[in-house]
Amino acid sequence: MNAVLAAIGDELLSGVRQEKNACFMAWHLHNKGAEVKAIEVLSDEESEITDLLSRWIGRTDLLILSGGLGPTHDDRTRYAIAKYLGCELYSDPLYDKILARVKDNPERLARLEKSRSTQSMIPVKAQPVYNPTGSALGIKFTLQGTKVIALPGVPMEYEAMTRQELPEIFAPDDKHVWASVIILGLPEMTIAERIPEVIGNTDLHVSILPAFPQVELIIRGKPEDVDKAENLTRSRFNDVLPKGCKSLAEAVLYEAKINHAKISCSESCTGGLVGAALTDIAGSSESFMGSAVTYSNEAKQKILGVDEKILADFGAVSEQCAIAMAQGSLRIYDSDYAVSITGIAGPDGGTESKPVGTVWFGVASREKARAFVKVLPGSRAEIRTRAVRFALAELWRTLHNKIPAPEL
């Protein structure tokens, strides 16, 4: 099967909102062995939507549209579909099922009754799609061998409705599987050169996804081919995350669990992002004790016990401060291992000796502590994101080797 995915909305083209639905659906389609021929983002103009239908109906098995089914003036998808099909719109009684869900909420019921004149409207030559989580009906029809499904753009609604309408895409299947292998500290070309048998295997689909300081390989194909390729890849590298771990945060928590270790962190320029990454993982409370966000020098002193002399002599962005922060985190959380981050994320605050992007990392166990520095490129957001990755990578190395690792 092949498919085309389209997202509709001026807010997507202007960058006001980030498109997520096509990414979600493409992953599941690809995981099922389907080919996604194109992903398009278009404006709310009816002519753009009818043009999309004209170009892809008859050329793809599945066409899924996202967005433009709300009750406001810029929601034009239903009208564009009716125009393309050459028919009128009618109010489908399936909308009553949505109203029944909110019958005990008079205020919301009145609001949805008011929206009936738009959100219940379906082209005569199409069928309605029930919305189990929202208020707008979806639209579906089949023409020239193409199954077309138009759904609301709200991600929660889109996901629920695709699962409802395309259960075969989400059903467990051993015909196509995938594996994730995350390697630290090497550029993607070096990695590719070390596994020519995997990269050159035409029975596999291999994606190489760099996100410094890691590179993730996504290997897809038949179970036996994927398993063989994953094992071969893992045998060629030393700094590779444990099997089944799809992120650095998962790997950190995995190592902490098997070592019966408690972990913690202290953060300045990242403002709690390391703690957020760890607590995104279910079950993190078994090993993760907490993260102290000590943005000001006063907080570093009062909460973590960083000596005032360290801050006066070396500054907050220094080796000495990073080590003191990590050791302070060990003490206040009574943890076995800790990582700290202190740096200049910008866009201001840099100096000639400490430019924007300078970040010190501290890593401490109950026996040892050390620090290393990186000058990270990018915007404020990019520097903070990269700092989180470096901190998690070094914390994982420390846990994995049970001693502070050598410098990256």
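Compute the long axis of helix 46-56 from its Cα atoms, compare it with the longest principal axis of the Cα atoms of the chain, and write down the angle in degrees, 0 to 90, nearest 10. Between the helix axis and the principal axis of the chain, the angle is about 90 degrees.
Across the cross-link table entries Lys309/Lys354; Lys103/Lys125; Lys83/Lys147; Lys222/Lys243; Lys103/Lys140, which are compared at the Cα atoms, the separations over 22 Å belong to Lys103/Lys125; Lys103/Lys140. Between Ala299 and Ile39, the C-beta separation translates, for a Förster distance of 60 Å, into a calculated FRET efficiency of about 0.85. Can you tell me the orientation of helix 248-258 relative to the chain, as the angle in degrees between its alpha-carbon axis and the longest Cα principal axis, to the nearest 10? The answer is roughly 60 degrees. Ordering Ile39, Ile139, Ile98 by the projection of their Cα atoms onto the charge dipole of region 2-170, which places +1 on the Cβ of Lys and Arg and -1 on the Cβ of Asp and Glu, puts Ile98 at the extreme positive end. Ranking Ile263, Ala277, Trp27 by how far each Cα lies toward the positive end of the dipole of the chain (charges on Cβ) leaves Ile263 at the top.
So in the chain, what percent of DSSP beta bridges are antiparallel if you round to the nearest 5?
60
With a Förster radius of 30 Å, plug the Cβ-Cβ distance of Asp334 and Phe212 into 1/(1 + (r/R0)^6) and report the FRET value to the nearest 0.05. It comes to 0.35.
Result for the chain in a Gaussian network model with C-alpha springs under 10 Å: among Thr279, Thr72, Thr142, the largest mean-square fluctuation is at Thr72.
A simple spin-label model places the labels of Thr142 and Ile258 4.8 nm from each other, with each point 7 Å out along Cα-to-Cβ. Approximating the spin labels as points 7 Å out from Cα along Cα→Cβ, the Arg116-to-Val16 distance works out to 3.0 nm. The distance linking region 1-74 with region 185-214 is 30 Å (Cα centroid to Cα centroid, whole angstrom).
If the chain linking Ile199 and Ala276 were pulled fully straight, counting 0.36 nm for each residue of separation and taking away their Cα-Cα distance, it would gain 24.3 nm. Placing +1 on each Lys and Arg Cβ and -1 on each Asp and Glu Cβ, with no other charges, gives region 309-408 a dipole about its Cα centre of roughly 200 debye.
At a Förster distance of 30 Å, what's the computed FRET efficiency of Asp227 paired with Arg163, Cβ-Cβ distance as r, to 0.05? Present the calculation step by step, with values, prior to reporting the outcome.
On the way: r = 28 Å, r/R0 = 0.92.
Efficiency for this residue pair is about 0.60.
Taking a ≥ b ≥ c as the square roots of the eigenvalues of the alpha-carbon gyration tensor, region 1-103 is classed rounded because a/c is under 1.5.
In this rough spin-label picture, where each label sits 7 Å from Cα along the Cβ direction, the Tyr130-Ala312 distance is 7.2 nm. Is the C-alpha gyration tensor of region 254-390 telling us rounded, prolate or oblate? Criteria: a/c under 1.5 is rounded; beyond that, a/b larger than b/c is prolate, otherwise oblate. Oblate, because a/c is 1.5 or more while a/b does not exceed b/c. Given +1 at the Cβ of Lys and Arg, -1 at the Cβ of Asp and Glu and no other charges, the dipole of the chain around its Cα centre is 500 debye to the nearest 20.
With +1 assigned to the C-beta of every Lys and Arg and -1 to the C-beta of every Asp and Glu, and no other charges, what is the dipole magnitude of region 2-170 about the Cα centre in debye, to the nearest 20?
The dipole magnitude comes to about 420 debye.
Relative to the longest principal axis of the Cα atoms of the chain, the long axis of helix 21-31 lies at roughly 90 degrees. For Gly58, the shell of other residues with beta-carbons less than 15 Å away shows a net charge of +2, using +1 for Lys and Arg and -1 for Asp and Glu.
Applied to region 326-343, the Karplus parametrisation 6.51 cos²θ - 1.76 cosθ + 1.60 on θ = phi - 60° returns per-residue 3J(HN,Hα) values of 5, 5, x, 5, 4, 5, 6, 9, 6, 9, 8, 9, 8, 10, 10, 9, 8, x Hz, with x for Gly and Pro.
Compute the Cα gyration tensor for region 144-294, then decide on rounded, prolate or oblate, letting a ≥ b ≥ c be the square roots of its eigenvalues: rounded whenever a/c is under 1.5, prolate when a/b is larger than b/c in the other cases, and oblate in all that remain. It is oblate, given that a/c is not under 1.5 and a/b is not larger than b/c. Mean sequence separation of contacting Cα pairs (under 8 Å, at least six apart), scaled by the length of the chain, corresponds to a relative contact order of 10 percent. Projecting the Cα atoms of Trp56, Cys245, Ala381 onto the dipole axis of the chain, where Lys and Arg carry +1 and Asp and Glu carry -1 at the beta carbon, places Cys245 farthest toward the positive end. For region 29-174, give me the percentage of DSSP beta bridges that are antiparallel, rounded to the nearest 5 percent. Beta bridges within region 29-174, antiparallel portion: roughly 65 percent.
Report the Cα centroid-to-centroid distance between region 238-311 and region 76-112 in angstrom, as an integer. Each part's Cα centre sits 48 Å from the other's.
Only the coordinates and a few stated rules stand behind these numbers; no lab work does. What you see is a predicted model, and the numbers here were worked out from it, not measured in a lab. Note: ideal-geometry Cβ built from the backbone for every residue, glycine included; neighbour counts use all protein chains shown.
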